[in-house]
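Trainee: So that we are looking at the same thing, I have put the structure below in structure tokens.
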Amino acid sequence: MQYYFIGGLGGNSYHLAPLMDELGFPVTFLDPYREMIQTENDLRDWFQGRVGQAEEICLFGHSLGGDLARYLATEFPQIQALILLDGGYLDMEKILSLEEELNDTSSFMQQQVFATLEEAVLAEFGEEADPTPIARKAVEASYRWNPASEQYELNLDLEKVMALLRLRRQIKTYQIPLADLPALFIGPRYQEEPEWRKDALKQIDPQIEQVLLDGLGHELYTEAPEIVAREVNNWLQNVHK
């Protein structure tokens with residue numbers, strides 16, 4: 001079995017590293033946000049180019065990466081197990097319109113500019129925090145220097161991000177049946193759940209095993225890699241019995 005991880009928007013391999021250490025096996029980080037992926041065919045070609053001749057795959061997906069992973073799991077028979085980390089289950093139309101999502105994303109990316117990488121790290125963790133070296137690297141890798149503005153900006157291409165957000169709406173991943181594919185969903189359990197999320201959790205395909213973790217947020221695999229890894233490893237042991 002080979003393990004691949006499609007990150008959420010802005011994720012990078014440094015974000016994954018602590019989880020991989022806890023899992024105890026190598027996981028290849030995949031980053032679709034560097035490519036212009038506008039159609040389902042583009043998405044399939046991109047994934048095929050990354051996994052090559054791998055015969056048995058366990059695919060992880062976080063957030064938007066979870067939506068892409070759930071779609072790919074139904075298109076590639078070599079995917080033998082699917083692990084969704086707070087992704088792949090939401091009908092975004094019930095939360096906000098596509099136009100609002102695109103505008104919000106554009107505004108957020110334009111606001112994330114800093115004179116130095118240290119400022120970016122402070123904005124992420126706060127002045128009182130003492131991030132680990134790997135957490136600091138994860139933030140630093142999320143930015144690039146723009147010589148025109150003489151500032152650090154998010155290391156993302158807005159048009160490529162927009163294309164993936166549009167594609168998510170088109171493929172309606174949350175509706176895709178998984179047949180008999182073993183699948184695990186791990187998400188946070190909030191003290192005050194918004195109604196749209198309560199409804200979405202209730203409507204998750206009953207075939208997908210659900211694990212909800214208290215005290216964590218959307219970035220659960222970076223917040224508590226040891227807890228998420230324990231859940232994943234326990235589930236994988238049962239799948240492989």
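Trainee: Quick one: if you stick a label point 7 Å off each Cα along the C-beta vector at Lys172 and Tyr190, how many nm between them?
Mentor: The two pseudo-label positions are separated by 2.5 nm.
Trainee: Where in the stretch 1-61 are there GluC sites (Glu not before Pro) that are in a DSSP coil and have at most 12 other Cβ atoms within 10 angstrom of their Cβ? Mind showing how you got there, number by number?
Mentor: Details: sites: Glu22, Glu35, Glu40, Glu55, Glu56; in loops: Glu35, Glu55, Glu56.
The qualifying sites are Glu55, Glu56.
Trainee: So if I average 1/r over every pair of distinct C-alpha atoms in the stretch 124-195 and take the inverse, what Kirkwood radius in Å does that give? Before the final figure, lay out the partial values.
Mentor: Working: mean 1/r = 0.0588 Å⁻¹.
It is 17.0 Å.
Trainee: Place a label point 7 angstrom from the Cα of Leu212 along the Cα-to-Cβ direction, then list the residues of the stretch 168-199 whose backbone nitrogen is under 16 Å away.
Mentor: 185-199
Trainee: Can you compute the equivalent ellipsoid semi-axes for the stretch 1-133, i.e. the square root of 5 times each eigenvalue of the Cα gyration tensor, sorted largest first and rounded to whole Å?
Mentor: For the stretch 1-133, the semi-axes come out at 28, 21, 13 Å.
Trainee: Counting only the heavy atoms of the protein chains, how much of Glu75 is accessible to a 1.4 Å probe, in Å² to the nearest 10?
Mentor: 80
Trainee: Tell me the accessible surface of Val51 in square angstrom (1.4 angstrom probe, heavy atoms of protein chains only), to the nearest ten.
Mentor: Its accessible surface works out to 10 Å², give or take rounding.
Trainee: State the percentage of accessible surface on the stretch 158-241 attributable to carbon and sulfur atoms; use a 1.4 Å probe and exclude ligands, DNA and RNA.
Mentor: Answer for the stretch 158-241 is 48 percent, counting heavy atoms of protein chains only.
Trainee: Give me D for the stretch 185-225 in µm² s⁻¹, whole number, from Stokes-Einstein with Rh from the Kirkwood sum over alpha-carbon pairs, 10 °C and 1.306 mPa s.
Mentor: On the way: Rh = 10.9 Å.
Estimated diffusion coefficient is 145 µm²/s.
Trainee: Any chance you could give the angle, 0 to 90 degrees and rounded to 10, that helix 64-75 forms with the longest Cα principal axis of the chain?
Mentor: 30
Trainee: How many percent of the alpha carbon pairs in the stretch 157-224 exceed a separation of 18 Å? Could you put the intermediate results ahead of the total?
Mentor: Values: 1255 of 2278 pairs.
Above the 18 Å cut-off, the stretch 157-224 has 55 percent of its Cα pairs.
Trainee: Under Stokes-Einstein, with the Kirkwood radius over Cα pairs standing in for Rh, what whole-number D in µm²/s applies to the chain at 10 °C and 1.306 mPa s? Kindly include the intermediate steps, with their values, before the conclusion.
Mentor: Values: Rh = 18.7 Å.
Estimated diffusion coefficient is 85 µm²/s.
Trainee: So, one more: For His15, His240, His62, what's the largest-to-smallest order of accessible area, 1.4 Å probe?
Mentor: Numbers: His15 45, His240 105, His62 5 Å².
Reading off the accessible areas and sorting them downward yields His240, His15, His62.
Trainee: Hey, what's the chain come to in accessible area per residue, 1.4 Å probe, Å²?
Mentor: 51
Trainee: For the stretch 157-178 and the stretch 60-107, what is the centre-to-centre distance using only Cα atoms, to the nearest Å?
Mentor: With the stretch 157-178 and the stretch 60-107 each reduced to a Cα centre, they are spaced 7 Å.
Trainee: Expected output is a single nm value to one decimal: the length gained when fully extending between Glu159 and Val113, i.e. 0.36 nm times separation in residues minus the C-alpha distance. What is it? Spell out each step's value before the answer.
Mentor: Details: separation 46, 0.36 × 46 = 16.56 nm, distance 1.77 nm.
Working it through step by step, the gained length comes to 14.8 nm.
The values are calculated or read from the model by the stated rules, or taken from the named source; none is laboratory data. All values reported here derive from a predicted model rather than from experimental measurement. Note that we place each Cβ from the backbone using ideal geometry, even for glycine, and neighbour counts take in every protein chain shown. Remember, those area values only see protein heavy atoms, side chains included, never the ligands or the DNA or RNA. Shrake-Rupley method; radii C 1.70, N 1.55, O 1.52, S 1.80 Å.
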